[in-house]
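Student: Attaching a single structure in structure tokens format; questions to follow.
The values are calculated or read from the model by the stated rules, or taken from the named source; none is laboratory data. Quick caveat: nothing in here was measured; it's all calculated off a predicted structure. Reconstructed Cβ throughout: ideal geometry from the backbone, glycine too, with neighbour counts over all protein chains shown. To get the accessible areas, we keep the full protein, side chains included, count just its heavy atoms, and leave off ligands, DNA and RNA. Shrake-Rupley method; radii C 1.70, N 1.55, O 1.52, S 1.80 Å.
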Amino acid sequence: MTEKAILFDSSRCSACRGCQVACKMWNNLPSTLEKNGNPWTGSYQSPMNLNGDTRLLISFNEEAGGDKGVMWSFGRRSCQHCTDAPCATVCPGGALAKDEETGFVSVDESKCVGCQYCKSACPFDVPRYHGPNSKINKCTGCLDRVEQGMQPACVTTCQPEALKFGDREEMLAIARERVAYLQGKGYSDACVYGEDEIGGLHVVQVLKYGVEAHGQVVDPQINPMVGLTQIMKPVTGAVTGLTVAGLAAMFVLGIGYKRDKLAYNAETEDTLSVDSGNVLKHGDGQDEETVMEHITENLPGKKGGN
């Protein structure tokens, strides 16, 4: 299977939000009964942002539209399925993983530890959480459908064909052709989004009025903390290994070790063996030997050992 991509063409989108409904139905996600929250926001967008039960939304920008007099543009907010997916890189539990065949970033909610590192790592502010244990929830590209030869649920319901699905290179070719057409019609800011960003995205977009007008991130960058976590992983592993090795050595050294129970007589300033009654030390009662000396002094082959 070759790498796949979802193509979103903003110039064809009618904002019917059928894709939002299809996403919720296929993934069994509930919908709020509220209208945009309260009070009225003045926008037709609903909900106003991604949330733990909303993996996909169509954004409304009622103040954009370039110089054509149409002050209206729609965008698509969802996981972009980055080639260099920082969320999968930083996830400590393996809840997020890139599918090498399709390029989509899958989710295994059972492995999520709720650390929310992925939210900090994502340059598109996509990951959201739901449930009492705050488990990760985001678009999976309908990988369960794609593996069975089907299209993602959102694509199947799009009437104006603003959404398409297929091999990534094919989707890029369609996007480039559409942008050339739009620019020829005077939409000078029209562009292809997703070709190179974060190593290349598996959601390719035709943005009629430019990147910002459709609510996308200009020149997205991976959070530096992602690289730091990768540096720390081997360091943490080495420290953990040394700790385990040290504990193992202490255990081995301690085999056969038996130390007398001690008692201190303040009047004579003598330290005595409770078992034998012998005076082992005269002084202030402070132990001057190191832990290692105590461990090794009674080992076989050492002075005082059995």
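Student: Determine if region 124-136 includes at least one residue that is surrounded by 22 or more Cβ atoms within 10 Å (Cβ to Cβ), touching a strand residue (DSSP E or B) at 6+ places or on another chain (Cβ under 7 Å) and more than 16 Å from Leu96 (Cα to Cα).
Tutor: No, region 124-136 contains no residue that is surrounded by 22 or more Cβ atoms within 10 Å (Cβ to Cβ), touching a strand residue (DSSP E or B) at 6+ places or on another chain (Cβ under 7 Å) and more than 16 Å from Leu96 (Cα to Cα).
Student: Checking the structure you have, find out if any residue of region 76-91 is open to solvent by 50 Å² or more (accessible area, probe 1.4 Å) and either free of Cβ contacts under 8 Å to residues at least 24 places away in the same chain or over 28 Å from Glu169 (Cβ atoms) (or both).
Tutor: No.
Student: Name the residues in region 1-26 that are hydrophobic (A, V, I, L, M, F, W, C), at pLDDT 95 or above and over 14 Å from Arg76 (Cβ atoms), would you?
Tutor: Answer for region 1-26, where residues must be hydrophobic (A, V, I, L, M, F, W, C), at pLDDT 95 or above and over 14 Å from Arg76 (Cβ atoms): Val21, Met25, Trp26.
Student: Okay, moving on. Quick check on region 27-45: of everything there that is surrounded by 12 or more Cβ atoms within 10 Å (Cβ to Cβ) and under 25 Å from the mean Cα position of the chain (by Cα), which residue is modelled with the lowest pLDDT?
Tutor: The selected residue is Ser31.
Student: Residues in region 109-118: is at least one closer than 22 Å to Val211 by Cα and open to solvent by 30 Å² or more (accessible area, probe 1.4 Å)?
Tutor: So far as region 109-118 goes, no, none of its residues is closer than 22 Å to Val211 by Cα and open to solvent by 30 Å² or more (accessible area, probe 1.4 Å).
Student: Within region 80-100, track down each residue that is of a type in the set (Gly, Ala, Ser) and part of a loop (DSSP other than H, G, I, E, B).
Tutor: Selection gives Ala85, Gly93, Gly94, Ala95.
Student: Turning to a different aspect of this structure: In this structure, is Gln183 open to solvent by 40 Å² or more (accessible area, probe 1.4 Å), in the same structural domain as Asp125 (by the TED database) and at pLDDT 95 or above?
Tutor: yes
Student: Within the group Leu96, Leu163, Leu172, which residue is within 25 Å of the chain's Cα centre (by Cα) and on the phi < 0 side of the Ramachandran plot?
Tutor: After applying the criteria, what remains is Leu96.
Student: One residue is enough: does region 219-236 have a residue meeting the conditions among the β-branched types (Val, Ile, Thr), within 29 Å of Leu143 (Cβ to Cβ) and either in a loop (DSSP other than H, G, I, E, B) or at pLDDT 95 or above (or both)?
Tutor: Yes, region 219-236 has at least one match.
Student: Same structure, new question: Just a yes or no: is a residue in region 133-150 within 20 Å of Arg12 (Cβ to Cβ) and of a type in the set (Asp, Glu)?
Tutor: No - not one qualifying residue is present in region 133-150.
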